[in-house]
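One structure is given below, encoded as structure tokens.
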Amino acid sequence: MAMMTGEQYVESMRAMKLKVYMFGKKIENPVDDPILRPSLNSVKATYDLAQNPEYEDLMTATSIFTGEKINRFLHIHQSPEDLVKKVKMQRLCGQQTAACFQRCVGMDAFNAVYSTSYEIDKKYGTSYFENFKKFAAYCQEKDFTVDGAMTDPKGDRGLAPHAQPDPDMYLRVVEKREDGIVVRGAKAHQTGAINSQEILIMPTISMGPEDKDYAVAFAVPTDTEGITMIIGRQSCDTRKLEGSELDVGNSEFGGVEALVIFDDVFVPNDRIFLNGEYEFAGMLVERFAGYHRQSYGGCKVGVGDVLIGASALAAEYNGVAKASHIKDKLIEMIHLNETLYCCGIACSAEGSETESGNYMIDLLLANVCKQNVTRFPYEIARLAEDIAGGIMVTAPSEADLRGEETGKWVEKYMVGAAGVSVENRIRILRLIENLCLGTAAVGYRTESLHGAGSPQAQRIMISRQGNLPMKKELAKKIAKVKE
Ligand code: SF4
Ligand code: FE
């Protein structure tokens with residue numbers, strides 16, 4: 001099948017029999033749920049943009065399995081150029097949705113599992129690489145969205161998986177059968193799980209021999225028997241139920257996360273990509289995290305572009321666009337945003353070939369990229385709020401703007417620069433509110449901190465990859481130190 005259109009994707013999700021809960025109720029039709037629909041629209045955008053000839057070079061690639069044109073979100077990277085295009089595609093998608101478009105986790109898991117399964121097979125003579133290639137080719141054929149799932153609930157963070165009082169705190173194999181395995185556990189904060197046709201599971205930390213049962217990677221359809229998804233709340237989520245598109249700020253697009261429970265789920269043998277080879281768990285984590293840390297140098301930058309644009313408009317609508325401190329704040333926002341992009345591009349351009357033949361980013365630079373992402377979007381958001389003014393959080397609702405009694409007062413006293421409609425002023429303020437404090441703040445702020453690993457995880461990688469001994473030798477040589 002050729003690539004799906006956005007509409008075909010929506011229909012394919014409608015055909016899924018997902019078990020989704022939200023606000024204590026089973027959601028029979030997540031596709032048309034007013035709280036969930038904007039998140040589906042964000043994924044739909046990755047299909048629509050791929051159909052647009054203008055974006056063909058960024059949004060599509062050539063399948064290494066069939067030679068056919070595929071969506072780049074399903075591509076196995078073949079060069080540093082592919083890695084650069086990936087980041088540019090993510091910036092584009094961030095610009096078009098101002099939200100998390102969710103499909104990157106699958107792309108990052110694809111490339112991490114591809115190279116790792118190859119190396120496991122090389123050591124043990126297993127057939128994980130063949131299994132994975134078959135799965136990846138199938139997803140490309142169907143043009144699926146895949147949820148790459150890594151984060152376990154983790155229970156007591158000070159204890160290894162096997163040492164947890166409740167053994168299900170990390171997802172594990174509970175039964176081995178002739179034809180496959182049965183798994184139990186959960187994956188937390190799963191971006192886009194409800195908008196994906198398949199879920200690709202990976203372990204979340206390095207493991208030792210006692211964690212053997214937890215060292216497991218596999219893929220199953222998201223509506224497999226035994227899988228339950230519980231939607232995570234987002235700040236201001238129920239505004240979407242109020243019927244005012246203006247008050248939502250970004251009514252069209254959004255992101256979504258869920259707690260995904262695996263209650264004794266059967267996985268057939270040909271869908272298993274790691275099963276007990278615990279010493280490869282760390283490699284898989286490092287590679288997936290590396291790719292996803294690169295991803296943030298694209299997606300967050302695209303969302304940042306929208307926030308910077310909104311801030312510049314807010315300044316204009318307030319009548320202060322010419323004030324030198326406003327201009328300087330906008331320059332600072334651009335500087336910070338482009339610095340993030342520099343890191344995303346740099347770790348891609350410095351990418352190298354793995355044993356399997358696909359391309360990995362430069363790990364040190366990808367971790368520096370994500371470490372910056374844990375900081376700069378916060379500063380960009382602070383500056384956006386500074387420019388917008390307090391009105392961003394105190395503006396009356398759309399109902400009051402249109403109200404018979406109140407409309408005239410809102411129109412009179414919410415006025416800004418001459419010629420700017422009050423409605424447009426409120427629209428931009430609501431968008432800034434959405435990005436900094438509302439539903440999109442999950443993706444732009446807290447996810448910038450914790451997504452793809454919390455700040456300390458990057459610092460550990462930076463200390464490992466930073467090569468201090470080499471730097472000390474450089475200093476000794478210049479200073480003519482003789483020891
Ligand atoms: Fe993609 Fe960014 Fe969302 Fe991760 S946070 S899935 S990289 S849009
Ligand atoms: Fe993420």
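We did not get these values from a lab; they are worked out from the coordinates using the rules stated. Only a predicted model underlies this, so the values are computations on that prediction, with no experimental measurement involved. Ideal geometry is used to build each Cβ from the backbone, glycine not excepted, and the neighbour counts take in all protein chains shown.
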Q | DSSP-loop GluC sites (Glu not before Pro) across region 177-222, with at most 11 other Cβ within 10 angstrom | A | GLU178
Q) Does anything in region 258-301 have its amide N under 17 Å from the 7 Å Cα→Cβ label point of SER127, and if so which residues? A) 267-275
Q: For region 2-30 and region 278-324, write down the distance between their C-alpha centroids in whole Å.
A: 28
Q: Please grab the % of Cα pairs in the chain that end up more than 36 Å from each other.
A: 32
Q | When each of LYS44/LYS187; LYS86/LYS370; LYS88/LYS327; LYS17/LYS142; LYS88/LYS134; LYS88/LYS300 is checked by Cα-Cα distance, pairs over 19 Å | A | LYS44/LYS187; LYS88/LYS327; LYS88/LYS134
Q | Under the Karplus curve 6.51 cos²θ - 1.76 cosθ + 1.60, θ = phi - 60°, whole-Hz ³J(HN,Hα) for region 321-338, x wherever Gly or Pro sits | A | 4, 8, 5, 5, 5, 5, 4, 5, 5, 5, 4, 4, 4, 5, 4, 5, 5, 6
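For the chain, which longest stretch is free of loop sites, where a loop site is one of the trypsin sites (Lys or Arg not before Pro) that DSSP puts outside H, G, I, E and B and that has at most 15 other Cβ atoms within 10 Å?
Longest run free of exposed loop sites: 18-153.
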Q | Per-residue HN-Hα couplings for region 398-411 [Karplus 6.51, -1.76, 1.60; θ = phi - 60°; Hz; x = Gly/Pro] | A | 4, 4, 6, 4, 9, x, 4, 7, 8, x, 5, 6, 4, 4
Q: Taking amide H positions as placed in the peptide plane 1.01 Å from N, state which residues far from LEU274 in sequence (5 or more) or on other chains have amide H under 5 Å from it.
A: ALA217
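Rank the residues ASP179, ASP48, ASP386 as a footprinting-exposure proxy: fewest other Cβ atoms within 10 Å of their Cβ go first.
Listing ASP179, ASP48, ASP386 from fewest to most nearby Cβ atoms yields ASP179, ASP386, ASP48.
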Q: Working from Cα positions, state the angle (0 to 90°, nearest 10) between the long axis of helix 37-51 and the longest principal axis of the chain.
A: 80
Q: Could you tell me which GluC sites (Glu not before Pro) in region 1-60 are loop residues by DSSP with no more than 15 other beta carbons within 10 angstrom of their beta carbon?
A: GLU28
Q) So if we plug the beta-carbon distance of ALA321 and GLU423 into 1/(1 + (r/R0)^6) with R0 = 25 Å, what FRET efficiency do we get, rounded to 0.05? A) 0.80
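Looking at region 283-470 from every direction and averaging, what is the projected area of its Cα convex hull in nm²? Write down the numbers at each step before the final one.
Working: hull surface 53.0 nm².
It is 13.3 nm².
Looking at region 308-405, which GluC sites (Glu not before Pro) are in a loop (DSSP not H, G, I, E or B) and have at most 11 other Cβ atoms within 10 Å?
Working: sites: GLU316, GLU332, GLU338, GLU350, GLU353, GLU355, GLU379, GLU385, GLU398, GLU404, GLU405; in loops: GLU350, GLU355, GLU404, GLU405.
Here the GluC sites (Glu not before Pro) that fit, given the DSSP loop and packing criteria, are GLU355, GLU404, GLU405.
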**Q.** Disulfide-incompatible cysteines by the Cβ rule (no partner under 4.7 Å) in the chain
**A.** CYS93, CYS100, CYS104, CYS139, CYS236, CYS299, CYS342, CYS347, CYS436
Q: Give a residue-ordered list of calculated ³J(HN,Hα) values for region 67-81 (Karplus: 6.51 cos²θ - 1.76 cosθ + 1.60, θ = phi - 60°; whole Hz; x for Gly, Pro).
A: x, 8, 6, 10, 5, 4, 5, 10, 8, 9, 4, 10, 6, x, 4
Q.
How far apart, in nanometres, would the label points at GLU54 and ASP263 be if each is projected 7 angstrom from Cα along the Cα-to-Cβ direction?
A. 4.7
Q | region 65-109 versus region 407-483: alpha-carbon centroid distance in Å | A | 22
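Under the 0.36 nm per residue contour assumption, what length would be gained going from the current alpha-carbon distance of CYS342 and GLU68 to full extension?
Working: separation 274, 0.36 × 274 = 98.64 nm, distance 3.12 nm.
Full extension of this stretch gives 95.5 nm more.
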